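Enquirer: Got a structure here, written out as structure tokens. Questions coming.
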Amino acid sequence: RHTMKRPTTASLKKVTTQNLVALGAERLAEILVAAAEARPELKRRLRMELAAEQGAEHLAPEIDRRLASLESSRSRVSWRKRATFVNDLDTLRTLIAERLAGLDPAAALERLWLFMDLARRLGMRVRDRDGKLGEVFQRAAADIGGLIGQAGEPQAAGARAEALARS
């Protein structure tokens, strides 16, 4: 006879997907809103996820605003904020390469090229001793490769890659 082991109190307090699902959507939403007030990168992510639910025409302008902000910002990123900054950047890349690409591959490809254009500027603002920033741009390059076929623009993409390599 096999009896199922009951979960321990400690295991029920562990932050897992299953345990969080048990909290319910409304309680989780309240917790996320409170956390987002203290963390701008989380608030930005939630805003973009909500926009993605409305469609590419709503997500693309949110991404464009973030890309423009990264383009115009000149301040150096301190070592204390570097990990958060790099994670935020990778989240933006993922939103473009997965969420926007799923809605509009051509729009995603265009924004990934704009994202790649940020590499040199951000490299001057962030000391990348461990190569984490470079890894984000390597993943973005791979994302571009994957989207080129979907968007049907291999010639234009090739020309763009050559121009980027020369700059």
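The values are calculated or read from the model by the stated rules, or taken from the named source; none is laboratory data. Just so it is clear, the model here is predicted, and its values are computed rather than measured. Glycine also receives a Cβ, built like all others from the backbone with ideal geometry; neighbour counts cover every protein chain displayed. Protein only, heavy atoms only, side chains kept; ligands, DNA and RNA dropped before computing areas. Shrake-Rupley method; radii C 1.70, N 1.55, O 1.52, S 1.80 Å.
Enquirer: With unit charges on the beta carbon (Lys/Arg positive, Asp/Glu negative), name the residue among ALA10, ALA52, LEU23 whose Cα is farthest towards the positive pole of the charge dipole of the chain.
Expert: Toward the positive end, the furthest listed residue is ALA10.
Enquirer: Where the accessible area of the range 1-104 is counted over protein heavy atoms with a 1.4 Å probe, how much of it, in %, is carbon and sulfur?
Expert: 55
Enquirer: Further question: May I ask you to derive the FRET efficiency for ARG120 and GLU41 from their Cβ-Cβ distance with R0 = 22 Å, giving the value to the nearest 0.05?
Expert: FRET efficiency, ARG120 to GLU41: 0.45.
Enquirer: So how strong a dipole does the chain carry about its Cα centre when Lys and Arg Cβ are +1 and Asp and Glu Cβ are -1, to the nearest 20 debye?
Expert: It comes to approximately 1160 debye.
Enquirer: Something else now. Report the label-to-label distance for LYS81 and GLU30 in nanometres (one decimal), using points 7 Å from each Cα along the Cα→Cβ vector.
Expert: 3.2
Enquirer: Here's a follow-up. With n ≥ 4 as the cut-off for DSSP H runs, can you work out [θ] at 222 nm for the chain, using -39500 (n - 2.57) per run divided by the number of residues, rounded to the nearest 500?
Expert: The helix contribution divided over the chain gives -24000 deg cm²/dmol.
Enquirer: Given a 10 angstrom Cα cut-off, can you work out which residue in LEU122, LEU12, LEU67 is the most mobile in a GNM of the chain?
Expert: The residue that fluctuates most here is LEU12.
Enquirer: Additional query: Accessible area per residue for the range 7-161 in Å², computed with a 1.4 Å probe and the full protein assembly in place, what is it?
Expert: Details: 9490 Å² over 155 residues.
Result: 61 Å² of accessible area for each residue.
Enquirer: Given the peptides 89-99, 74-84, arrange them by the average over their residues of other C-beta atoms within 10 Å, most packed first.
Expert: Numbers: 89-99: 20.0, 74-84: 11.6.
Highest-to-lowest ranking by the protection proxy: 89-99, 74-84.
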